[in-house]
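Working notes for the structure below.
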Amino acid sequence: MQPTRRQALEQEPRIAGYRPGPGGFDELLDGEGRVRPVWRQFAEGFGRLSEEGLERRTARGEQFLHDAGVFFRRQGAEGPGGRTWPFSPVPLILHEREWQGLAGGLARRAGLLEAVMADLYGEGRLVADGLLPAGPVAANPAWLRPLVGVRPASGHWLHFIAFDVCRGPDGRWQVLSDRTDSPAGAGTALETRLATQRVFQELFQVSHVHRLAGFFRAFRDAMGALDRVGGGRVGMLTAGPGGANYFEHAYLARYLGFMLFEGEDIAIENGAVTIRTVAGPRPLGVLWRRLRAGRADPLELDETSAVGVPGLVDALREGTLSAVNALGSGVLEDPALVPFLPQIAEAGDGPAAGSPDGWWAAAPEPGPRSTAPVWTGGGLRSEPVTLRLFLARTAEGWQAMPGGYARLGGVSAEDPGAVADIWVVSDVPVPIDTMTARPSDTYRRPLPGTLPSRAADNLFWLGRYVERAEAAIRLLRAFHLRLAETGSRDNPLQASLCDYLRDLPLDPEENVPQGLLRTLDSALVCASRVHDRFSIDGWTALRNLNEAAEEMARTARAGDDTARIMTRLLHRLAGLSGLVHENMYRFTGWRFLILGRELERASGMASALAHFADPAAPEGALDLAMEIGDCTMTYQRRYSLGTQRNMVVDLMVFDTMNPRSVLFLLERMRNLIALLPGAEVHGVMSPLARAALRAHAAIAVETPETVDRTALAALGERLDGLSDLISGAYLT
């Protein structure tokens, strides 16, 4: 770039107003206040964007993260969500030449940590020879005595690790901390990359940024190669929605094609590891552990852990499972071990302690952290920066992710500061890499999906809660429409409806009852526990529905206003149902989801008819029954006569062309149950299939005249029995 052009660029208000702190290294500006060469192309494009354009682009990136469900959770936070990820759109930029040196040093440090780990759980020569003091190791709770002498089935202790690095005041890299137990953030790095691309799409394309997909594909292939039991199943063990990084785990599982498990999904007997699925136990050979090692086995490690797998240590002793990383690897994260790494490296023919070539084994030097730019408040601000970088063991050795994420500012988990993408750029175009199969790859039909019983349980209840919420919304809309017409809660029909609402329980004195909000929240909790199996669009629609209902509850007024609110919520529910029914793959999980919905709808229809179609019900109750059953228009089109009980019952119970009729729903359930594993064995129906047939036959032989309150109550009991049988056969 010509001096005059560079001077004009550096006088651009956004760059000129950027002021790094004194005494440290800044990523954007050199010591003389000039834009560093690796940043100049980005700075030029950045300077051409208007403030309004930057805000619009940043909002686009933040919307992507919101829709993808990218959150972090505060300490002690509860519920299915969390705080929005603190995204900074301006990336941190490194040239590939510098990156190669950094990645090479980290790979050597990874090899050193592997050797230390092998010794600590093997021969113990480092302590015996005086290269490591025994005290810090023995006193470290992350050093797990039950794992001493247990050699990993894969032959390696470490497979996926991370490092937090920064520059010292002189610009040299230094490692601040090692993340060897279950390092978090790889999914966050990927999601932040995708968000940043949406902000600076044109700049990303012309900057020759190295892609991340090749790293993830190499790691995925390496994980698959560890499988010794066959089946090609790779699992991720997570602490569940209550864990701080659950949303990242779900995202990575979906991206890599791994199965996401909680501790209760896995059973171990005589050292053999199996997955509890709706089709019975299935073998598991590889487990990527995404929770702290001490919580992984309540039998031999932390007896208070409710998220681990009982017997996991025994399976590792037997060599029937490859665990990534090996249990006990958290001992390497202890800062007390860092001062001894240079001597250990030198003893292993590494560089001399303290030499420039040995920076990767040295302890960090005191001094201010390097700084980098953050875009906030319409300008660039300098903040201390730490880089989280990732390495994976592949068939070719340690491979570094060409990127990661940068954390700018922030002092604690409560205040994470800002998070930015890391661009590793080249002077020439780089290959466009993806996770898709390459033309040279041999096609193999993938194995049928494995559905853990826990996931099926949550999908089943997700269907039930969503349908339960829809029924409640229809009832509340009907109540407030009539309240707007009459201005009274005391007429017989309103009083009857109030009694029915209280039984659900929904408080008619609340315009948007807490009972409805709790039902929607329960649906969101179920969806969060199958975040890797439920579509992003479906998850977003459900979360937006919850947020809208909570917002409306604060301002709703009785009568027309609440009736309109309920109509808007119904429209949002219809959108969610459309996403599920039009776009969701018809795998076994979808069948449990729809089975839950149909069972809840049939139960709700039977309950409503027993109350509102009773001969003793007040005037207008039949019209109300059809309204909440969404059958009014069909009734008016088919029958020219006024509302009559037998016609209403015929339409809502027996008409198999009505998708909300009881008989239609029972037939649908029979068909879904017939497709579940074990529904028929050697021509013999399962108890569940027989119960579904009996429930269908019991209604099919009735007539509108005989379907009274007693018959509908009996149907409700049969449906409760079906739910119990489904749970007993598949969900426990």
Could we say that Ala118 is touching a Gly at 6+ places or on another chain (Cβ under 8 Å) and in a helix (DSSP H, G or I) here? no
Quick one: how many residues across segment 80-105 are more than 12 Å from Trp423 (Cβ to Cβ), at pLDDT 95 or above and touching an Asp or Glu at 6+ places or on another chain (Cβ under 7 Å)? 0
Pair list, Cβ under 6 Å, 6 or more apart: segment 84-109 residue under 16 Å from Arg388 (Cα atoms), other residue in a helix (DSSP H, G or I) and β-branched (Val, Ile, Thr): Pro91/Thr196; Ile93/Val38
Please work out which one of (1) within 25 Å of the chain's Cα centre (by Cα); (2) modelled with pLDDT of 90 or more; (3) of a type in the set (Lys, Arg) is the condition Arg56 fails and give its number. (1)
With the requirement that a residue be in a strand (DSSP E or B) and farther than 17 Å from Leu112 by Cβ, what does segment 400-410 give you? Tyr405, Ala406, Arg407, Leu408
Can you find even one residue in segment 196-203 that is farther than 23 Å from Leu391 by Cβ, over 30 Å from the mean Cα position of the chain (by Cα), assigned by TED's automatic domain parsing to the domain that holds Ile93 and among the β-branched types (Val, Ile, Thr)? no
Which one of these is crowded, with 19+ Cβ neighbours inside 10 Å, more than 30 Å from Arg56 (Cα to Cα), aromatic (Phe, Trp, Tyr) and in contact with a Pro (Cβ under 9 Å, 6 or more places away or on another chain): Phe215, Phe200, Phe204? Phe215
Can you find a residue in segment 552-570 that is assigned to a helix (DSSP H, G or I) and under 15 Å from the mean Cα position of the chain (by Cα)? no
Could you say which residue among Ala363, Ala315, Ala326 is surrounded by fewer than 18 Cβ atoms within 10 Å (Cβ to Cβ) and assigned by TED's automatic domain parsing to the domain that holds Val137? Ala363
Selected residue (criterion: farthest from Leu49 (Cα to Cα)) from residues of segment 361-379 that are assigned to a strand (DSSP E or B) and modelled with pLDDT of 90 or more: Thr371
Do we have any residue at all in segment 309-324 that's closer than 30 Å to Leu524 by Cβ and modelled with pLDDT of 95 or more? yes
Ala336 meets each of (1) among the aliphatic types (A, V, I, L, M); (2) closer than 26 Å to Leu391 by Cα; (3) touching a Lys or Arg at 6+ places or on another chain (Cβ under 7 Å) with one exception, condition (3)
Since Asp457 meets every condition but one in (1) assigned to a helix (DSSP H, G or I); (2) within 20 Å of Ile628 (Cα to Cα), which condition does it not meet? (2)
Residue check, Thr567 of a type in the set (S, T, N, Q), in contact (Cβ under 8 Å) with a residue 12 or more places away in the chain and in contact with a Lys or Arg (Cβ under 7 Å, 6 or more places away or on another chain): yes
Return the total of residues in segment 551-595 being surrounded by fewer than 20 Cβ atoms within 10 Å (Cβ to Cβ) and hydroxyl-bearing (Ser, Thr, Tyr). 4
The lone condition Gly578 fails out of (1) part of a helix (DSSP H, G or I); (2) touching a helix residue (DSSP H, G or I) at 6+ places or on another chain (Cβ under 8 Å); (3) over 18 Å from Arg477 (Cβ atoms) is (2)
Restricting to segment 508-541, give me the number of residues that are crowded, with 20+ Cβ neighbours inside 10 Å, under 18 Å from Ala471 (Cα atoms) and in contact (Cβ under 8 Å) with a residue 60 or more places away in the chain. 2
Considering Asp334, Asp433, which residue is surrounded by fewer than 24 Cβ atoms within 10 Å (Cβ to Cβ) and not assigned by TED's automatic domain parsing to the domain that holds Gly155? Asp433
All positions within segment 577-609 that are under 19 Å from the mean Cα position of the chain (by Cα) and aromatic (Phe, Trp, Tyr): Tyr585, Trp590
Among the residues of segment 630-638, is any closer than 22 Å to Glu470 by Cβ, in contact (Cβ under 8 Å) with a residue 24 or more places away in the chain and polar (S, T, N, Q)? yes
Looking only at segment 377-404, count every residue that is under 20 Å from Ala195 (Cα atoms) and either under 29 Å from the mean Cα position of the chain (by Cα) or crowded, with 19+ Cβ neighbours inside 10 Å (or both) and tell me the total. 11
Identify all residues within segment 121-141 that are in contact (Cβ under 8 Å) with a residue 24 or more places away in the chain and either of a type in the set (Ser, Thr, Tyr) or assigned to a helix (DSSP H, G or I) (or both); write none if there are none. Tyr121, Leu126, Pro136, Val137
Top-ranked residue in segment 623-647 [being under 41 Å from the mean Cα position of the chain (by Cα) and in a loop (DSSP other than H, G, I, E, B); ranked as surrounded by the most Cβ atoms within 10 Å (Cβ to Cβ)]: Gly629
Is it true that some residue in segment 11-24 is of a type in the set (D, E, K, R) and modelled with pLDDT of 90 or more? no
Out of the strands (runs of 3 or more DSSP E) lying entirely within segment 256-360, which hold 2 or more residues that are among the β-branched types (Val, Ile, Thr)? 266-269, 272-275
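The values are calculated or read from the model by the stated rules, or taken from the named source; none is laboratory data. This is a predicted model, so every value here is computed, not measured. With ideal geometry, Cβ positions are generated from the backbone for all residues, glycine too; neighbour counts draw on all protein chains shown.
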